[in-house]
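What follows is a single structure, written as structure tokens, with notes after it.
The values are calculated or read from the model by the stated rules, or taken from the named source; none is laboratory data. The structure presented is a predicted model; accordingly, all values stated were derived computationally and were not measured. Don't worry about glycine lacking a Cβ; one is built from the backbone with ideal geometry, like all the others, and counts go over all protein chains shown. Ligands, DNA and RNA are excluded from the accessible area calculation, which covers all protein heavy atoms including side chains. Shrake-Rupley method; radii C 1.70, N 1.55, O 1.52, S 1.80 Å.
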Amino acid sequence: MTSYRELGLVNTKDLFKKAVSGGYAIPAYNFNNMEQMQAIIQACVETKSPVILQVSAGARKYANQNILRNMARGAVEYAHELGYDIPIVLHLDHGDTFEICKDCIETGFSSVMIDGSHLPYEENVALTKRVCEFAHSQKDYVTVEGELGVLAGVEDEVSSEHSSYTEPSEVVDFVSKTKVDSLAISIGTSHGRTKFKPEQCTKDANGILIPPPLRFDILEEIEKQIPGFPIVLHGSSSVPVEYVQMIEKFGGRLADSVGIPEDQLRKAAKSAVCKINIDSDGRLAMTAIIRKVLSEQPEEFDPRKLIGPARDELKKLYAYKNQNVLGSANQA
Ligand code: G3H
Ligand code: 13P
Ligand code: ZN
């Protein structure tokens with residue numbers, strides 16, 4: 001049994017309170033390996049931003065949960081060594097059972113998501129409530145994110161054929177029955193790099209897909225129901241066209257890529273949305289640079305020369321997001 005405090009981590013409670021009142025969102029970046037962790041910490045230390053390090057089921061399978069939580073401990077020390085102690089949360093992304101959440105809580109995670117969004121409403125309430133009771137009764141309070149509404153999109157371990165927007169009339173009941181600390185909602189974002197079908201989009205003069213806007217009317221309605229309550233947006237990568245084009249230039253094939261425009265995320269971050277989840281953009285940034293190096297330096301075979309530049313690009317991207325999209329820079 002390890003408490004997150006022993007690892008130097010914090011839960012999301014205070015971070016979300018400040019983010020809601022300050023009109024910004026905390027970045028929640030997924031990590032699966034050392035280079036992603038280093039890039040996230042470098043970016044967040046440089047921009048003095050709090051950060052949520054997220055671990056998905058896919059990450060646990062790929063890297064091993066123990067290694068990842070020790071990497072989070074390393075992240076705390078690394079930030080210190082870089083010269084600025086930022087608040088760091090270790091969060092389970094899309095936990096789908098009570099047992100997975102319990103296991104993470106007992107091994108040092110400071111925050112968990114229980115994703116019961118695919119279940120019938122009453123089952124989602126019961127499962128989320130059970131996780132909250134366990135998480136909140138720990139010696140060091142572990143925060144819990146629940147979800148109402150279903151995101152569209154397909155990702156390795158997170159898939160949903162259809163989306164259904166969050167029903168604002170359900171949120172008061174859900175929050176009060178479960179006692180969740182934050183609520184993920186569905187207002188048009190989705191996981192992965194193809195967030196909308198081409199037929200849902202228009203095209204600009206260069207043939208670039210322009211997505212339909214997020215449903216800010218639903219967000220506003222939710223905020224009216226639970227004023228000041230911490231809201232989370234999943235599936236919030238912007239899918240930068242520069243990375244898509246670079247990947248395609250160097251041999252990749254990423255047809256129909258489209259993400260959430262930065263100005264819409266900025267607008268959301270100014271509301272009660274206080275956690276914004278980003279994974280796909282990091283994947284695109286690293287893949288673009290790895291493909292470029294492989295293509296331009298065919299003699300190179302040292303993995304550090306491939307992954308090192310990709311790590312640098314990831315750091316640049318995340319620092320940019322903290323400063324210009326989420327507004328979390330200088331909030332640590
Ligand atoms: O929400 C999904 C994240 O992008 C994690 O994806 O399960 O492939 O690690 P993953
Ligand atoms: P993206 O696929 O848009 O990066 O979303 C990631 C996410 O929501 C992780 O939970
Ligand atoms: Zn997600």
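Quick grid of which residues meet (1) more than 27 Å from Glu199 (Cβ to Cβ); (2) among the basic types (Lys, Arg):
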position	(1), (2)
Gln245	no, no
Gly251	yes, no
Pro261	no, no
Val273	yes, no
Leu284	no, no
Lys315	yes, yes
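If the requirement is being more than 16 Å from ligand 3 (Cβ to nearest atom) and either crowded, with 18+ Cβ neighbours inside 10 Å or of a type outside the set (Val, Ile, Thr) (or both), which of these qualifies: Ile185, Ile218, Ile210, Ile226? Lay out the reasoning, then the answer.
On the way: Ile185 fails: more than 16 Å from ligand 3 (Cβ to nearest atom); Ile210 fails: either crowded, with 18+ Cβ neighbours inside 10 Å or of a type outside the set (Val, Ile, Thr) (or both); Ile226 fails: either crowded, with 18+ Cβ neighbours inside 10 Å or of a type outside the set (Val, Ile, Thr) (or both).
Result of the check over Ile185, Ile218, Ile210, Ile226: Ile218.
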Scanning the range 256-309 for residues that are closer than 25 Å to Ala25 by Cβ, open to solvent by less than 30 Å² (accessible area, probe 1.4 Å) and more than 16 Å from ligand 2 (Cβ to nearest atom) gives Ser271, Ala272
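Which members of the range 276-322 meet the condition of being of a type in the set (Asp, Glu), part of a helix (DSSP H, G or I) and within 16 Å of ligand 3 (Cβ to nearest atom)?
If we filter the range 276-322 for residues that are of a type in the set (Asp, Glu), which is where we start, we get 279, 281, 296, 299-300, 302, 312-313.
Going one step further and asking which of them are part of a helix (DSSP H, G or I), we end up with 281, 296, 312-313.
Asp281, the sole residue that qualifies.
Do we find that Val112 is open to solvent by less than 10 Å² (accessible area, probe 1.4 Å) and in a strand (DSSP E or B) in this structure? Break it down stepwise before answering.
Values: open to solvent by less than 10 Å² (accessible area, probe 1.4 Å): yes; in a strand (DSSP E or B): yes.
Considered against the rule, which asks whether it is open to solvent by less than 10 Å² (accessible area, probe 1.4 Å) and in a strand (DSSP E or B), Val112 comes out as yes.
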Within the range 160-206, residues being more than 16 Å from ligand 1 (Cβ to nearest atom), closer than 15 Å to Leu119 by Cα and outside any helix (DSSP H, G or I) number 5
